[in-house]
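Notes for the one structure printed next.
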Amino acid sequence: MENSRPCSGRTASYEVAIATPRPITYACGVNIPSADVLLVPGLWLPGTVWAASAAALRERGHRPLALTLPGQGDGATDATLADQLAYVLTAIDAADHPVLVGHSAASTLVWIAASHRPARVRAVIMIGGFPAAGGGTYADFFPIRNGVVPFPGWEAFEQADVADLDEHDREELRAVMVPVPEGVATGKVTYEEEQRFSIPVGLVCPEFSTEDAKAWITRGDVPELARVQEISYVDLDSGHWPMRTCPTALAEVLHGVLTGAGTP
């Protein structure tokens, strides 16, 4: 993945063809049967990567909007993290108390946005990532070349991240990826309102387990989530890009988090 989580050392031991989520364990009482859902992609990806999951969410009664962030598909090579934040905040303000969904490194971006609009955000869901600590750098995980962070190649990722991507999946994903502007990757992470800790958070755990996530939070590796009042967890048997490899299963998991389905 994009190094937006502590390293678990977990190996890929799941049924790739089935991609069926394991039972959901909930720690909060969220029940949002229908919502505006803002889908925010991680590094290198445009909003189109969410197409199949967005369609499945729409079938389940939600109103998804997939965002193409500045610098990740709009040609703005000089975009900054502040530009991406402003874009997400504009989308929040135009929506009806939306749910924010961030993939990988964008888990930090949606959490920053939520800290600016805690009264307007109904919930935050993070897929395969965790929010960085305040004061740190947004996503300086890979080398910067000529003012951008190019995709480093599949060999840069752990086996669990890429195990369910066949050659076709890799080609399709690679075809839509764009280099991330340096101003995004090196942006400083700054949070605002303390009220963010009262926003319900859902953690979708694809290439790592819910037990991994809980252990990282408990031992202090994710200080932002250690202070959150309500967190729900769900395992999804996939690699790091479930919107590509199992988009319908991902949508079902997101819907389950929002409606409180699953085992207590």
Next item on the list: Please work out the Cα center distance from the stretch 199-238 to the stretch 49-127, rounded to the nearest Å.
Entry: 19 Å
Note to self: Just want the answer: with Cβ charges of +1 for Lys and Arg and -1 for Asp and Glu, which residue in Gly183, Val162, Val99 is farthest toward the dipole's positive end in the chain?
What the structure shows: Val99
Next item on the list: Just check the stretch 115-191 against the gyration tensor rule for me: Cα atoms, a ≥ b ≥ c as the square roots of the eigenvalues, rounded for a/c under 1.5, and otherwise prolate or oblate depending on whether a/b exceeds b/c.
Entry: oblate
Notebook entry, point to check: Taking every eigenvalue of the Cα gyration tensor of the stretch 32-121, multiplying by 5 and rooting it, what semi-axes result, largest first, whole Å?
Noted result: 20, 16, 10
Item checked: Kirkwood Rh and Cα Rg combined as Rg/Rh, the chain -> 0.92
Notebook entry, point to check: So what is the relative contact order of the stretch 36-259, in percent, for Cα pairs below 8 Å that sit 6 or more residues apart?
Noted result: 24 percent
Next item on the list: Work through the residues other than Pro118 whose Cβ is under 11 Å from its Cβ and net out their charges, Lys, Arg +1 and Asp, Glu -1.
Entry: +1
Notebook entry, point to check: Net charge near Val228, counting Lys/Arg +1 and Asp/Glu -1 over other residues with Cβ under 12 Å of its Cβ?
Noted result: -1
Check: Lys/Arg Cβ at +1, Asp/Glu Cβ at -1, dipole of the chain taken about the Cα centre: which of His116, Ala51, Ala213 is farthest positive-ward?
Finding: His116
Check: Mind ordering 45-53, 70-78, 232-240 by average Cβ neighbours within 10 Å, highest first?
Finding: 232-240, 45-53, 70-78
Item checked: Gyration tensor (Cα) of the stretch 192-248, equivalent ellipsoid semi-axes in angstrom -> 24, 14, 9
Checklist line | Neighbour count of at most 12 Cβ within 10 Å plus DSSP loop: longest trypsin sites (Lys or Arg not before Pro)-free window in the chain | finding: 1-218
Checklist line | Test item: Cα-centred dipole of the stretch 36-259, Lys/Arg +1 and Asp/Glu -1 on Cβ, debye | finding: 620 debye
Note to self: What does the charge count around Gln195 come to, taking other residues whose C-beta lies under 14 Å from its C-beta (Lys +1, Arg +1, Asp -1, Glu -1)?
What the structure shows: 0
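Values in this text are rule-based calculations from the coordinates and carry no lab data. If you're wondering where the values come from, they're calculated on a predicted model, not measured in any experiment. Note: ideal-geometry Cβ built from the backbone for every residue, glycine included; neighbour counts use all protein chains shown.
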